[in-house]
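Q: Here it is: the structure, laid out below.
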Amino acid sequence: MDYKIRTRIARILIDDKVPVDTEVVILGMVRTARTGKNVAFVEINDGSCMGNIQAVFVEPQRHPILEKILTGASVRVKGRLIASQGKGQKYEIAGEAIDLIGEADPTFPLQKKRHSYEFLREIAHLRARTNTFGAVTRIRSKLAFCVHRYFQERGFYCVHTPIISASDCEGAGDLFRVSTLDFENIPVKEGKIDWDADFFGSEAYLTVSGQLEAELLAVALGDVYNFSPTFRAENSNTARHASEFWMIEPEMAWAELDDNMDLAEDFLKNLFTFALEECPDEMNFFGKWIDKEARQTLEGVCEADFERLPYTEAVKILESAGEKFEFEVRWGADLQSEHERYLTEKVFKKPVIVFDYPEEIKPFYMRVNDDGKTVRAMDVLVPRVGEIIGGSQREERHDVLVERMKQKGMKDLDGMQWYLDIRKYGTVPHSGFGLGFERAIMYITGMANIRDVASFPRVPRWAKF
Ligand code: 4AD
Ligand code: MG
């Protein structure tokens, strides 16, 4: 059979490029099939867009194969495009021929009704065939395109930093080890594991962030961005944490914290505008079924200036909020997600950039302020999702950085010589941040759980598919 001759449903329903009366061939999967005495209806989706197209067969007895066509089957339909008789879609197909390509077993679990997200996670191998997960998967692809377009148009070079790394960028110790040692027979030298005998001749991990390597490339190329998977072995079972997630990490030479905030705000607005303007099919669906306010929220955010709030001010606001928080608010303690959400949802009702955090709660690479107590950190907080971006101006002063690394108890400074070197040979003020791609998708779509914006999420005790 020749599968090259086909019309994608998006070409008919979205692009509106196919005139009525055209002969079309549709290749897709059956969402529903109903055969009556005089007429049969087969609703097909081919994944190219949200919408299904309905093929109508008069005199169904002429197509005995219809009996075997159940929800979930794959078919090839030939017919003529006509203006739809019924409500809903603009077009339908006056069916002439139908071939059953792949039969669906009657146990096919996605029947036409609403399934719970929990159930759908168990069948992630099939869930992209539902409206919701089809829409999430398509908008994720479109947003990835927008990310590249945004940076490429502004002179940023896309870099690919390593996935396997020997350093712990965030210093939080949430690392997945990469090793080929035989667990049953671990080599020992002087009473300790002999990492020299391991694959890389040293300990190695899956990266938690491409930042450190992106810094090296930014000082060489100017502006760069990294868009790749990162891994965290945090054992936190929340709706916003995944063990594997994608991060977009721009890094700019010749940039201070203000420039970093400007970029973060402009980039997010660009991404949101893109979703509103260039993904109407998906956004209409999310607005109808997932979050009625999704569109309004995004429009509001694109018009508002993000609030820029020093950490110290944030603490004052929270302390005098008269709110009963589960976690204590205290200068020096990290903001918990309840605090972040209070600031952005209740106080400012728009995105908030909190900056100048206490030195003690932030990683070694952030530039120390003149007060010696705070660092040039910034977190972008948005309603509902909380922290969506984390970033900073980097410490470019060699001596200050060495001092801070020692203070933080980093033992192997020799192993970090490459990172220190760029401060020794023509140091450059530079800044960057990381946007969690899944969190951005959650915010845009209104999806409430990170497990539902990645096709095959990885979370503690779950690496299936
Ligand atoms: O704040 P984080 O840890 O910052 C960094 O990793 C920096 N090195 C980035 C940089 O400056 N280049 O992570 C950045 C963002 C967070 O704001 C959040 O959106 C997301 O990554 N993120 C997670 N997303 C999903 N699951 C997790 N476990 C995440 N941890 C962080
Ligand atoms: Mg962070």
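The values are calculated or read from the model by the stated rules, or taken from the named source; none is laboratory data. The model shown is predicted, which means the values in this text are computed figures rather than measured ones. So basically every Cβ, Gly included, is an ideal-geometry build from the backbone, and we count neighbours across all protein chains shown. Heavy atoms of the whole protein, side chains included, go into the accessibility calculation; ligands, DNA and RNA do not. Shrake-Rupley method; radii C 1.70, N 1.55, O 1.52, S 1.80 Å.
Q: Taking region 44-93 as the search range and keeping residues that are of a type in the set (A, V, I, L, M, F, W, C) and without any contact (Cβ under 8 Å) to a residue 40 or more places away in the chain, which one is farthest from V136 (Cα to Cα)? Show your work before the answer.
A: Step one: list which residues in region 44-93 are of a type in the set (A, V, I, L, M, F, W, C), which gives 44, 49-50, 53, 55-58, 65-66, 69-70, 73, 75, 77, 81-83, 93.
Now narrow it down to the ones that are without any contact (Cβ under 8 Å) to a residue 40 or more places away in the chain: 44, 56, 58, 65-66, 69.
Values: I44: 19, V56: 29, V58: 36, I65: 33, L66: 31, I69: 27 Å.
Filtering region 44-93 for residues that are of a type in the set (A, V, I, L, M, F, W, C) and without any contact (Cβ under 8 Å) to a residue 40 or more places away in the chain, the one farthest from V136 (Cα to Cα) comes out as V58.
Quick grid of which residues meet (1) modelled with pLDDT of 95 or more; (2) assigned to a loop (DSSP other than H, G, I, E, B); (3) touching a strand residue (DSSP E or B) at 6+ places or on another chain (Cβ under 8 Å):
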| residue | (1), (2), (3) |
| --- | --- |
| R114 | no, yes, no |
| F119 | yes, no, no |
| H125 | yes, yes, no |
| C146 | yes, no, no |
| F151 | yes, no, yes |
| T161 | yes, yes, yes |
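Q: Considering each of F41, F108, F57 in turn, give the residue that is surrounded by fewer than 20 Cβ atoms within 10 Å (Cβ to Cβ), at pLDDT 95 or above and touching a strand residue (DSSP E or B) at 6+ places or on another chain (Cβ under 9 Å).
A: Answer to the selection: F41.
Q: Counting only residues that are within 16 Å of ligand 2 (Cβ to nearest atom), give me the helices (runs of 4 or more DSSP H) lying completely in region 219-325 with at least 2 of them.
A: 257-278, 311-319
Q: When you go through (1) in contact with a Gly (Cβ under 6 Å, 6 or more places away or on another chain); (2) closer than 20 Å to G210 by Cα; (3) open to solvent by 50 Å² or more (accessible area, probe 1.4 Å) one by one for R341, which number turns out not to apply?
A: (2)
Q: So is G47 buried (at least 19 other Cβ atoms within 10 Å of the Cβ), of a type outside the set (S, T, N, Q) and within 38 Å of the chain's Cα centre (by Cα) or not?
A: Spelling it out, it is not the case that G47 is buried (at least 19 other Cβ atoms within 10 Å of the Cβ), of a type outside the set (S, T, N, Q) and within 38 Å of the chain's Cα centre (by Cα).
Q: Identify all residues within region 199-218 that are closer than 22 Å to H241 by Cα and either in a loop (DSSP other than H, G, I, E, B) or open to solvent by 50 Å² or more (accessible area, probe 1.4 Å) (or both); write none if there are none.
A: Listed by number, the residues that qualify are T207, V208, S209, G210.
Q: Which of the residues belonging to region 219-240 are touching a Ser or Thr at 6+ places or on another chain (Cβ under 7 Å) and open to solvent by 10 Å² or more (accessible area, probe 1.4 Å)?
A: To start, the set of residues in region 219-240 that are touching a Ser or Thr at 6+ places or on another chain (Cβ under 7 Å) comprises 226, 228, 230-233.
If the condition is that a residue be touching a Ser or Thr at 6+ places or on another chain (Cβ under 7 Å) and open to solvent by 10 Å² or more (accessible area, probe 1.4 Å), then S228, F231, R232, A233 are the ones that fit.
Q: Given the conditions (1) more than 13 Å from H430 (Cα to Cα); (2) among the charged types (D, E, K, R); (3) within 16 Å of ligand 2 (Cβ to nearest atom); (4) open to solvent by 40 Å² or more (accessible area, probe 1.4 Å), which single one is not true for D379?
A: The failed condition is (4).
Q: Right, M416: out of contact with any Phe, Trp or Tyr (no Cβ under 6 Å at 6 or more places or on another chain), open to solvent by less than 50 Å² (accessible area, probe 1.4 Å), farther than 19 Å from W254 by Cα and away from ligand 2 (no atom under 16 Å from the Cβ) or not? Spell out the reasoning first.
A: Values: out of contact with any Phe, Trp or Tyr (no Cβ under 6 Å at 6 or more places or on another chain): yes; open to solvent by less than 50 Å² (accessible area, probe 1.4 Å): yes; farther than 19 Å from W254 by Cα: yes; away from ligand 2 (no atom under 16 Å from the Cβ): yes.
It is true that M416 is out of contact with any Phe, Trp or Tyr (no Cβ under 6 Å at 6 or more places or on another chain), open to solvent by less than 50 Å² (accessible area, probe 1.4 Å), farther than 19 Å from W254 by Cα and away from ligand 2 (no atom under 16 Å from the Cβ).
Q: Of all residues in region 409-435, which are among the charged types (D, E, K, R) and modelled with pLDDT of 95 or more?
A: The answer is D421, R423, K424.
Q: Another question, if that's okay. Report yes if some residue within region 241-250 is farther than 23 Å from G171 by Cβ, surrounded by 14 or more Cβ atoms within 10 Å (Cβ to Cβ) and hydrophobic (A, V, I, L, M, F, W, C); otherwise report no.
A: Taking region 241-250 first, the residues farther than 23 Å from G171 by Cβ are none.
No, region 241-250 contains no residue that is farther than 23 Å from G171 by Cβ, surrounded by 14 or more Cβ atoms within 10 Å (Cβ to Cβ) and hydrophobic (A, V, I, L, M, F, W, C).
Q: Would you pick out the residues in region 127-136 that are closer than 19 Å to W462 by Cβ and open to solvent by 30 Å² or more (accessible area, probe 1.4 Å)?
A: Just the residues of region 127-136 that are closer than 19 Å to W462 by Cβ, to begin with: 127-128, 133, 136.
Passing the criteria: only A128.
Q: Residues E396, E403, E387, E438: which one is within 16 Å of ligand 2 (Cβ to nearest atom), of a type outside the set (S, T, Y) and surrounded by fewer than 22 Cβ atoms within 10 Å (Cβ to Cβ)?
A: E387
Q: Say we look at region 305-337 and pick out the residues that are of a type in the set (G, A, S) and closer than 20 Å to K373 by Cα; which of these is least open to solvent (accessible area, probe 1.4 Å)?
A: That would be A314.
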